[in-house]
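Undergrad: My questions all concern the structure below.
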Amino acid sequence: MTTMATECLLQLCEERHEIEDYQGGVPRWCTGCGDNAILAAVQRLCRDEGLHPEKTVFVSGIGCSSRFPHYMRTYGFHGIHGRALPVAEGIRLARPDLKVFVNTGDGDCCSIGAAHWIHAIRYNMNMTVFLHDNQIYGLTKMQASPTSPRGTKSNTTPRGSYLEALQPLSVTLGVQNVSFVAQAVDWIPEMLYDIVKAAYHHRGFSFIRIVQRCPEWLPKVWDPWLHDPSRIQVLTHEDGVPVSESLAKVYRNRLEHDPANLNRAREIAADTDNIPVGILYRNPEVPCYEDLRASTRLRTTDYVKAGLETEFDKFTIWPQA
Amino acid sequence: MNMPSEAQVTFFLTGRRAAQELEALDTVRLRPAALAAYLDLTRLRHDFPVVLIEDAGEGAAFAALSALVDGVLESAPGAGEQTRLRAHALRIEREIRTLVANGASDRLPALIDSAAARVAPLPDRAFAESVQRLREGMARDGLVVDCNAALPRRLLGHVWRSVARVKGEAFRAEAERLMHGLDAILRADHAQSRRGRAATELRAAIGTAHAEAFDFERMAQLLAPVSAESTLSPARRARIESVLTVLRGQRFFALPGSAVEPYAFEFEDCASALSAFRARLPEMAALARALAVAALEVEGEYREARHDAVFADFDLTGMDAEALAQFPDLLVCLNEKALHTPENQALGEMLESGLPVKVLVQTDDLLEAPLAGSGHLAMGSRGRQLASMALGLNEVYVVQSASSNLVAMREHVERAMRYVGPALFSVYSGASEHIGGLPVYLVAAAAMDARAFPAFSYDPAAGGDWASRFSLETNTQLERDWPLHRLEYEDSEQQRVVEEIGFTLADFVACDTRYARHYAQVPREKWNGGMVALESCIAETARGLPERLPSLVMVDAENRLQRVIVDDKLVREARRCREMWHSLQELAGARGGQAARAKAQSAPVEPQAAPPAAEASPPAQMPAPAAAEAPTSAPPSDEPYIETPRCSSCNECIQINPRMFAYDANQQARIVDASAGTYRELVEAAENCQVAIIHPGKPKNPKEPDLEELLKRAEPFL
């Protein structure tokens, strides 16, 4: 029974934040790292959407990408390797009033956290997930990750990796209940921002794979795409992200793609020649797990305590009478 | 003989009845022919009795018993089983109808049982199964009520309580959420305070299992330097506590565990309702304020600098219709007889000022003679007049209906009860002491059919014009002046005759003992072709002696057809009634009036005149081309520059010279001062830039060392 008056009063106290209000510690990523671009885009989103720092939480696992929460002046949870998503899901269930973001890397998400990733897609809980995909374990100084291109020489694969790289977009698009999949590259900040924004506005599990350069361990790997704009395939559609006039002049390889078309999205994701940039798939109709399990029951101390006691009692060894 | 006799014409003009020619109307023995088939209602499936459904929530608050039975029958499985269930269910339904008509007042399940016991006194397995299925299928509990004098009050009171219960539930959930949230703030503060970190509190927090493993005194000592008295400012604590006091002490809703008795909202008269409302208004404002403050506090959004001023002035002026709608509405049930002057005044005041009040004005006697007795008949109830006047107030939801029609009006009744603002229900019960021998339901239905008490609803929130706000839809054959009924009878030669007769005001008035003198029964041998149906001669305003006289078809106690003529006074009254009906039709858009024209216009209209308008004001319509285009033209290449929108914020240039390069508001690099560094730094930044967007331009200082080499290195970036 929130009155209109209360809503007006809430709006009355909306505060304007500057980008500095979202900046936490000074990033310790290497100079030139693509993560900086992601951080800039996300901080811009926070400012433009007027997110309240105390109502926003960034959750991460382990890796270069996962240092992200340290650099945001919001709530953050730097979790354990591969477990960013379950932590984020727990936050989502317990605190539905918070905006939840997840930062995870190709090692964190696609290797040790792969099972959580699959099921998080299926649960479709409302959060925005950034897969910082630099195709290498960077924090531990260069080991091949599941997305490293075949032949990548690293500390664990001195003769070059033997397996084809895993395609995160194809995997995500293959899971039931997938509701939002997009791809961005760190070196087109304008589109990166627009895609991040579209993902934030989608209610559900919004998954963005961000092709991210690692100047330290794989400095040349993206050069063919970086220096040849025609290999960036910009996805256009009235339901997609806009392409500005200046970008359109540089990126002429454009493909009209309806984000509602799942089969076409899978085809586009399978293309490894080009890097498709834009929204591959969006379905706002997929139900969110937290809505399916929503309860109006007030979580009073007594209620929580009773629930916990019941659970603990299952493990209690009672002395025999 | 096609002309009325002289005695008949005399009666028509003067109301004087020559006893040897015309008989007096016996209002109890003679009934309008159209009603003849309905005299025993217990044998007919109709809208009554009605079940007042308990705990209906957002669903229908009441339903006709017959509709509930039909619902069960529709979902019955298997054809054979269905036939058997149907037979049993309909017998039980009829039995309940009889029980209720004879004055039984009970809840639905109990009535099913007692009806079943009367229908099949001996155990019968198949019958018992049907009873069971009927009970399960209906799955409703509630009082079963018949159409009688008490019905309008019972039924509307029930709907009002259903709406109030839903409102109360919403309030309870919200109040509990807010109180829980506020309480959590206080508890969190306590846990962090010095008192909350005292040794005893710490011990209590750990529980019994490991209490011995800790030195709580030492722990308290360690925590003391980092614990404040309170993390809350005194002003905030006082605010939260005062809001909690208001929420706990409110008397508008019953909360579980609350010590205070909630207010009553049902009143017998307008004056006491109005004074109660006025007396409670300050408390309502305090509660609305407390809810708003609590919502802000729980969200963590209360800003003293802004909100203190707002809430300091938050008094009755803050209570608009929306704010009032959170509280239970007042319900006033009164009889039109009680509408004497002060009561009328209070009612008028409440309706005019848009107070959240729902008023039932019940009319029992529709045909009351006017107080200013004159030759003119001018009958009509104050309830009906009131409803018509309330229409003019525009903001009042008005529902008028005979009680027989309330089931058909259910959606309007419920919507009116939920309406944010005043609602007036004008209901004719049909329980007039001057109409004897007819079931109340039939009298009420007859009044509606005769257009003496038409049903209508006016929903101020339903749309932009009268045609969409005003509805006559539940009236019978609403496009006609009076509805036509089919009358079948056997004539003196034993031949079947089918006739369509209208049910006019005169037919309805013929049931009322007070107006018998306006009717004269014509003996069969005096019947003539000049006696015609009332509606066929009502439009005539004859000069000279009338050639046709209005007559009615009636049926006597032996079920024989009789003809009755009426006098001119009654015809005039019928004409007045018809005119009033016409104006209602016009309001509803059914008669080509203003509303009908509005309705016709609201049909899809071709967009006209758009092109000329656009031509007339091209500057406003056209996008400004110069402004829309981004400044894409590159600066002269002599000057160093960065394609800022493409910057990926990688820090390379910033680290080379933070005075020369800096980030803008979007965290993207630009050259802030090209003279703050060397040409070498510009060239190195261009070389290191991950996305190659730095263009070093031409060197400013011709004396810079190694210029030649630098210019060569700068070439790819120019």
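Undergrad: B:Gly168: touching a Pro at 6+ places or on another chain (Cβ under 9 Å), open to solvent by less than 30 Å² (accessible area, probe 1.4 Å) and within 14 Å of chain A (Cβ to nearest Cβ), yes or no?
TA: Working: touching a Pro at 6+ places or on another chain (Cβ under 9 Å): yes; open to solvent by less than 30 Å² (accessible area, probe 1.4 Å): yes; within 14 Å of chain A (Cβ to nearest Cβ): yes.
Considered against the rule, which asks whether it is touching a Pro at 6+ places or on another chain (Cβ under 9 Å), open to solvent by less than 30 Å² (accessible area, probe 1.4 Å) and within 14 Å of chain A (Cβ to nearest Cβ), B:Gly168 comes out as yes.
Undergrad: Within region B:59-93, which residues are of a type in the set (D, E, K, R), closer than 28 Å to B:Ser162 by Cα and open to solvent by 40 Å² or more (accessible area, probe 1.4 Å)? Break it down into steps so the answer makes sense when it comes.
TA: Within region B:59-93, the first condition is being of a type in the set (D, E, K, R), and the residues that meet it are B:70, B:74, B:81, B:84, B:86, B:91, B:93.
Still in the running and closer than 28 Å to B:Ser162 by Cα: B:70, B:74, B:93.
Within region B:59-93, B:Asp70, B:Glu74 meet the criteria.
Undergrad: Quickly run through region A:36-81 and pick out the residues that are surrounded by fewer than 23 Cβ atoms within 10 Å (Cβ to Cβ) and among the small types (Gly, Ala, Ser).
TA: Once the filter is applied, which keeps residues that are surrounded by fewer than 23 Cβ atoms within 10 Å (Cβ to Cβ) and among the small types (Gly, Ala, Ser), region A:36-81 yields A:Gly50, A:Gly76, A:Gly79.
Undergrad: Scan region B:283-300 for residues that are more than 7 Å from every other protein chain (Cβ to nearest Cβ), within 16 Å of B:Ile240 (Cβ to Cβ) and open to solvent by less than 10 Å² (accessible area, probe 1.4 Å) and jot them down.
TA: Scanning region B:283-300 gives B:Leu287, B:Ala290, B:Val293, B:Ala294, B:Glu297.
Undergrad: For region B:387-395, state whether one or more residues are surrounded by 22 or more Cβ atoms within 10 Å (Cβ to Cβ) and out of contact with any helix residue (DSSP H, G or I) (no Cβ under 9 Å at 6 or more places or on another chain).
TA: Taking region B:387-395 first, the residues surrounded by 22 or more Cβ atoms within 10 Å (Cβ to Cβ) are B:387, B:390.
Filter once more, so that each one left must be out of contact with any helix residue (DSSP H, G or I) (no Cβ under 9 Å at 6 or more places or on another chain): B:387.
Yes, some residue in region B:387-395 is surrounded by 22 or more Cβ atoms within 10 Å (Cβ to Cβ) and out of contact with any helix residue (DSSP H, G or I) (no Cβ under 9 Å at 6 or more places or on another chain).
Undergrad: Is it the case that some residue within region B:218-229 is of a type outside the set (A, V, I, L, M) and in contact (Cβ under 8 Å) with a residue 24 or more places away in the chain? Walk me through it before giving the result.
TA: Residues of region B:218-229 of a type outside the set (A, V, I, L, M): B:218, B:221, B:225, B:227, B:229.
In the following step, the residues that additionally are in contact (Cβ under 8 Å) with a residue 24 or more places away in the chain were identified as B:227, B:229.
Yes, there is a match, as at least one residue in region B:218-229 is of a type outside the set (A, V, I, L, M) and in contact (Cβ under 8 Å) with a residue 24 or more places away in the chain.
Undergrad: Something else about it: Can you give me the ranges of the strands (runs of 3 or more DSSP E) entirely in region A:54-143 with at least 2 residues that are among the hydroxyl-bearing types (Ser, Thr, Tyr) and touching a residue at least 24 places away in the same chain (Cβ under 8 Å)? Explain how you work it out, then say what you get.
TA: Numbers: elements: A:56-60, A:75-78, A:99-105, A:127-133.
Those strands (runs of 3 or more DSSP E) span A:56-60.
Undergrad: Taking only region B:208-228 into account, find how many residues are outside any helix (DSSP H, G or I), of a type outside the set (A, V, I, L, M) and loosely packed, with under 10 Cβ neighbours inside 10 Å. Spell out how you get there, then give the answer.
TA: Quick first cut of region B:208-228, residues outside any helix (DSSP H, G or I) only: B:208-210, B:214-215, B:227-228.
Next, only the ones that are of a type outside the set (A, V, I, L, M) stay: B:208, B:210, B:214-215, B:227.
Checking the rest, the ones that are also loosely packed, with under 10 Cβ neighbours inside 10 Å come to B:208, B:210.
Within region B:208-228, residues that are outside any helix (DSSP H, G or I), of a type outside the set (A, V, I, L, M) and loosely packed, with under 10 Cβ neighbours inside 10 Å number 2.
Listed here are the residues, each with its yes/no results for (1) over 18 Å from the mean Cα position of the chain (by Cα); (2) facing chain B (nearest Cβ under 7 Å); (3) at pLDDT below 95; (4) closer than 30 Å to B:Val293 by Cβ.
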{"site": "A:Leu12", "(1), (2), (3), (4)": "yes, yes, yes, yes"}
{"site": "A:His17", "(1), (2), (3), (4)": "yes, no, yes, yes"}
{"site": "A:Glu20", "(1), (2), (3), (4)": "yes, no, yes, no"}
{"site": "A:Gln23", "(1), (2), (3), (4)": "yes, no, yes, no"}
{"site": "A:Asp35", "(1), (2), (3), (4)": "no, no, no, no"}
{"site": "A:Ile38", "(1), (2), (3), (4)": "no, no, no, no"}
{"site": "A:Gln43", "(1), (2), (3), (4)": "no, yes, no, no"}
{"site": "A:Thr56", "(1), (2), (3), (4)": "no, no, no, yes"}
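Undergrad: What tally of residues in region A:196-244 results from selecting those that are in a loop (DSSP other than H, G, I, E, B) and within 14 Å of chain B (Cβ to nearest Cβ)?
TA: Filtering region A:196-244 down to residues in a loop (DSSP other than H, G, I, E, B) leaves A:202-204, A:212-213, A:215-217, A:219-222, A:227-228, A:237-244.
Okay, now just the ones that are also within 14 Å of chain B (Cβ to nearest Cβ), so A:212-213, A:215-216, A:219-222, A:227-228, A:242-244.
Counting residues in region A:196-244 that are in a loop (DSSP other than H, G, I, E, B) and within 14 Å of chain B (Cβ to nearest Cβ) gives 13.
Undergrad: On to the next question. For region B:662-689, which residues satisfy the criterion of being among the β-branched types (Val, Ile, Thr) and either under 14 Å from B:Pro645 (Cα atoms) or within 14 Å of chain A (Cβ to nearest Cβ) (or both)? Spell out how you get there, then give the answer.
TA: The initial filter retains those residues of region B:662-689 that are among the β-branched types (Val, Ile, Thr), namely B:671-672, B:678, B:683.
Within region B:662-689, B:Ile671 is the sole residue that qualifies.
Undergrad: Could I ask something else about it? Any residue at all in region A:108-121 that is open to solvent by less than 40 Å² (accessible area, probe 1.4 Å), modelled with pLDDT of 95 or more and farther than 20 Å from A:Gln167 by Cβ? Spell out the reasoning first.
TA: Let us first name the residues in region A:108-121 that are open to solvent by less than 40 Å² (accessible area, probe 1.4 Å), namely A:108-110, A:113-114, A:117, A:120-121.
Still in the list and also modelled with pLDDT of 95 or more: A:108-110, A:113-114, A:117, A:120-121.
From what is left, the residues that are farther than 20 Å from A:Gln167 by Cβ are none.
No - not one qualifying residue is present in region A:108-121.
Undergrad: Another one. Failed condition for B:Val51, given (1) closer than 14 Å to B:Val145 by Cα; (2) open to solvent by 50 Å² or more (accessible area, probe 1.4 Å), with all others met?
TA: All conditions are met except number (2).
Undergrad: For region B:120-148, which positions are crowded, with 16+ Cβ neighbours inside 10 Å and among the hydrophobic types (A, V, I, L, M, F, W, C)?
TA: First pass over region B:120-148, keeping only residues crowded, with 16+ Cβ neighbours inside 10 Å: B:120, B:127, B:130-131, B:133-135, B:137-138, B:140, B:142-148.
Within region B:120-148, B:Ala120, B:Phe127, B:Val131, B:Leu134, B:Met138, B:Leu143, B:Val144, B:Val145, B:Cys147 meet the criteria.
Undergrad: Separate question: Select from region B:414-442 the residues that are assigned to a helix (DSSP H, G or I) and of a type in the set (D, E, K, R) and write down the one among them that is least open to solvent (accessible area, probe 1.4 Å). Can you show your working first?
TA: Let us first name the residues in region B:414-442 that are assigned to a helix (DSSP H, G or I), namely B:414-418, B:440-442.
Then keep just the ones that are of a type in the set (D, E, K, R); that gives B:414-415, B:418.
On the way: B:Glu414: 12, B:Arg415: 101, B:Arg418: 108 Å².
So, considering only residues that are assigned to a helix (DSSP H, G or I) and of a type in the set (D, E, K, R), the one least open to solvent (accessible area, probe 1.4 Å) is B:Glu414.
Undergrad: Against the conditions (1) modelled with pLDDT of 95 or more; (2) in a loop (DSSP other than H, G, I, E, B); (3) open to solvent by 30 Å² or more (accessible area, probe 1.4 Å), where does A:Thr157 fall short? Just the number, please.
TA: (3) is the only condition that A:Thr157 fails.
Undergrad: On to the next question. Among the residues in region A:283-296, are any of a type in the set (A, V, I, L, M, F, W, C), out of contact with any Cys (no Cβ under 8 Å at 6 or more places or on another chain) and open to solvent by less than 40 Å² (accessible area, probe 1.4 Å)? Outline the logic, then answer.
TA: Initially, region A:283-296 is screened for residues of a type in the set (A, V, I, L, M, F, W, C), giving A:286, A:288, A:292, A:294.
Filter again for out of contact with any Cys (no Cβ under 8 Å at 6 or more places or on another chain), leaving A:286, A:288, A:292, A:294.
Keeping just the survivors that are open to solvent by less than 40 Å² (accessible area, probe 1.4 Å) gives A:286, A:288.
Yes: region A:283-296 contains one or more residues that are of a type in the set (A, V, I, L, M, F, W, C), out of contact with any Cys (no Cβ under 8 Å at 6 or more places or on another chain) and open to solvent by less than 40 Å² (accessible area, probe 1.4 Å).
Undergrad: Turning to a different aspect of this structure: Residue check, B:Ala445 against (1) part of a helix (DSSP H, G or I); (2) in contact with a strand residue (DSSP E or B) (Cβ under 8 Å, 6 or more places away or on another chain); (3) open to solvent by less than 20 Å² (accessible area, probe 1.4 Å), all met but one. Which one?
TA: With respect to (1) part of a helix (DSSP H, G or I); (2) in contact with a strand residue (DSSP E or B) (Cβ under 8 Å, 6 or more places away or on another chain); (3) open to solvent by less than 20 Å² (accessible area, probe 1.4 Å), B:Ala445 is out only on (3).
Undergrad: Please determine whether any residue of region B:238-258 is part of a loop (DSSP other than H, G, I, E, B), within 29 Å of the chain's Cα centre (by Cα), away from every other protein chain (no Cβ under 14 Å) and modelled with pLDDT under 90.
TA: First, pick out the residues of region B:238-258 that are part of a loop (DSSP other than H, G, I, E, B): B:250-258.
This time we only want the ones that are within 29 Å of the chain's Cα centre (by Cα), so: B:250-256.
Cutting the leftovers down to away from every other protein chain (no Cβ under 14 Å) gives us B:251, B:254.
Of the ones still in play, those that are also modelled with pLDDT under 90 are B:251, B:254.
There is at least one residue in region B:238-258 that is part of a loop (DSSP other than H, G, I, E, B), within 29 Å of the chain's Cα centre (by Cα), away from every other protein chain (no Cβ under 14 Å) and modelled with pLDDT under 90.
Undergrad: Oh, and also: What number goes with the only condition from (1) open to solvent by 40 Å² or more (accessible area, probe 1.4 Å); (2) within 13 Å of another protein chain (Cβ to nearest Cβ) that A:Tyr193 does not pass?
TA: Of the numbered conditions (1) open to solvent by 40 Å² or more (accessible area, probe 1.4 Å); (2) within 13 Å of another protein chain (Cβ to nearest Cβ), the odd one out for A:Tyr193 is (1).
Undergrad: Taking the condition surrounded by 15 or more Cβ atoms within 10 Å (Cβ to Cβ) and within 28 Å of A:Glu89 (Cβ to Cβ), does A:Arg266 pass?
TA: Working: surrounded by 15 or more Cβ atoms within 10 Å (Cβ to Cβ): yes; within 28 Å of A:Glu89 (Cβ to Cβ): yes.
Criteria met by A:Arg266.
Undergrad: Still on this model: Of the residues B:Glu261, B:Glu266, B:Glu322, B:Glu283, which is outside the structural domain of B:Tyr428 (by TED's automatic domain parsing) and over 28 Å from the mean Cα position of the chain (by Cα)?
TA: Of the residues listed, the single one that is outside the structural domain of B:Tyr428 (by TED's automatic domain parsing) and over 28 Å from the mean Cα position of the chain (by Cα) is B:Glu261.
Undergrad: Looking only at region B:698-716, filter to residues that are in contact (Cβ under 8 Å) with a residue 24 or more places away in the chain and hydrophobic (A, V, I, L, M, F, W, C); which one of those is most open to solvent (accessible area, probe 1.4 Å)?
TA: B:Leu707
Undergrad: Going residue by residue through region B:488-501, is there one that turns out to be touching a residue at least 60 places away in the same chain (Cβ under 8 Å), of a type in the set (Phe, Trp, Tyr) and crowded, with 21+ Cβ neighbours inside 10 Å?
TA: So the first thing to find is which residues in region B:488-501 are touching a residue at least 60 places away in the same chain (Cβ under 8 Å), and the list is B:489, B:501.
Adding the requirement that they be of a type in the set (Phe, Trp, Tyr) leaves B:489.
Cutting the leftovers down to crowded, with 21+ Cβ neighbours inside 10 Å gives us none.
No - not one qualifying residue is present in region B:488-501.
Undergrad: If you go through region A:245-276, how many residues are more than 14 Å from every other protein chain (Cβ to nearest Cβ) and not in a helix (DSSP H, G or I)? Give the derivation first.
TA: Residues of region A:245-276 more than 14 Å from every other protein chain (Cβ to nearest Cβ): A:252-276.
Going one step further and asking which of them are not in a helix (DSSP H, G or I), we end up with A:252-261, A:271-276.
Residues meeting the conditions: 16.
Undergrad: Name the pairs: first residue in region B:67-86 and among the hydroxyl-bearing types (Ser, Thr, Tyr), second residue open to solvent by less than 70 Å² (accessible area, probe 1.4 Å), Cβ to Cβ under 8 Å, at least 6 apart or on different chains?
TA: B:Ser75/B:Gly137
The values are calculated or read from the model by the stated rules, or taken from the named source; none is laboratory data. Just so you know, these numbers come straight off a predicted model, no measurement behind them. FYI the Cβ positions are ideal-geometry reconstructions off the backbone, even for glycines, and counts take in every protein chain you see. Only protein heavy atoms, including side chains, enter the accessible area calculation; ligands, DNA and RNA are left aside. Shrake-Rupley method; radii C 1.70, N 1.55, O 1.52, S 1.80 Å.
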